[in-house]
1. Any chance you could count how many residues in the range 146-162 are among the polar types (S, T, N, Q), surrounded by fewer than 22 Cβ atoms within 10 Å (Cβ to Cβ) and on the phi < 0 side of the Ramachandran plot?
2. What are the pairs with Cβ atoms under 6 angstrom where one residue, in the range 179-191, is in contact (Cβ under 8 Å) with a residue 24 or more places away in the chain and the other, located anywhere, is in a loop (DSSP other than H, G, I, E, B) and among the acidic types (Asp, Glu)? Sequence gap at least six, or different chains.
3. When you go through (1) touching a strand residue (DSSP E or B) at 6+ places or on another chain (Cβ under 7 Å); (2) modelled with pLDDT under 95 one by one for Arg200, which number turns out not to apply?
4. Out of all the residues in the range 16-27, which are surrounded by 14 or more Cβ atoms within 10 Å (Cβ to Cβ) and more than 20 Å from Lys134 (Cα to Cα)?
5. Take the residues in the range 134-180 that are among the aromatic types (Phe, Trp, Tyr) and at pLDDT 95 or above; name whichever of them is nearest to Pro213 (Cα to Cα).
6. Could you tell me whether any residue of the range 206-224 is free of Cβ contacts under 8 Å to residues at least 24 places away in the same chain and of a type in the set (Phe, Trp, Tyr)?
7. Of everything in the range 192-205, what is closer than 19 Å to Leu72 by Cβ and in contact (Cβ under 8 Å) with a residue 60 or more places away in the chain? Give them in sequence order.
8. Would you check if Thr242 is among the polar types (S, T, N, Q), under 21 Å from Arg73 (Cβ atoms) and under 24 Å from the mean Cα position of the chain (by Cα)?
Amino acid sequence: MQSLFRCPLCAAPLEREENRWLCPNRHSFDKAAAGYVHLLPANKKHSKNPGDDKAMVAARAAFLDKGYYTPLRDALCQAVTEYVVNLSNPVLVDSGCGEGYYTARLFRALTEAGHSPRIAGIDLSRAALRRAAKRVPEGEFAVASVYHLPIPDQSADVLVNIFSPLATEEFARVLRPGGLFCYAVPSARHLWEMKQVLYREPYENPVKRENYPGFTWIGVKEIRFTADFADRGDIMALFGMTPYVWKTPKEGVRRLEELDRLRCQIGFDLHLYLQSTAYS
Ligand SMILES: [Zn+2]
């Protein structure tokens, strides 16, 4: 069957066979045992950044599966479901899909709403894709860079980007005109109580809505709630998912490690954009 992916070497459409993806120019890409395909050309390999490792992926998957971020997941599914209401076979791309937590729920939400969605997930981490391909056996998952998505021009109806690198030029290229781009960013007070533990003088996150060439902003869903982390492992898993893990002084980390419980504000802004120009 026709794949959602294109050949990373010659950009021709790929055919999906049982154990490989194949282009008309005979470039062939084997399916890994875990179900994903490696589409990162050797010259685009980020040797220093193979993506999240196994332990990081396992910690994040365990954290997400406890449901702490369910409100964000549900808001995302609602936005996408509303958008695709008149499309029977919507094509979705999850750019930086990680272990497929959002990908899986999106696929299920659209199926339950009566659609026959097709979904592709891209990530650099094999450890993450192994889980994603298991979560959504109906989807297609590729090791690739989000800056060089292995997706044909104007082929996607929806592209979601949940906490992964932003490549708006690529996103504008792969979305069809009028296609939906969902982009989640932390709110000003996201994780405020955690930052109060980590830093003597915590700062609010800068919040500024950006305009991106090729996109028209159509709205934002504000997701705000308080989460009660009653498990030391969950607190540290949450910390491990943040950028603070790279820049917190040791004594701040120690204060956090001593907590058995943390009640914390969670805030996300889910920005919605439409692809507004034909890519040329
Ligand atoms: Zn090819």
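1. So the answer is 1.
2. Ala188/Glu204
3. Of the numbered conditions (1) touching a strand residue (DSSP E or B) at 6+ places or on another chain (Cβ under 7 Å); (2) modelled with pLDDT under 95, the odd one out for Arg200 is (1).
4. Listed by number, the residues that qualify are Leu22, Cys23, His27.
5. Once the filter is applied, the top-ranked residue is Phe171.
6. So far as the range 206-224 goes, no, none of its residues is free of Cβ contacts under 8 Å to residues at least 24 places away in the same chain and of a type in the set (Phe, Trp, Tyr).
7. Residues satisfying the conditions are Trp192, Glu193, Met194.
8. Yes, satisfied.
The values are calculated or read from the model by the stated rules, or taken from the named source; none is laboratory data. Values in this document were obtained by computation on a predicted structure and should not be read as measured data. Counting neighbours? That spans all protein chains shown, and the Cβs are built from the backbone with ideal geometry, glycine included.
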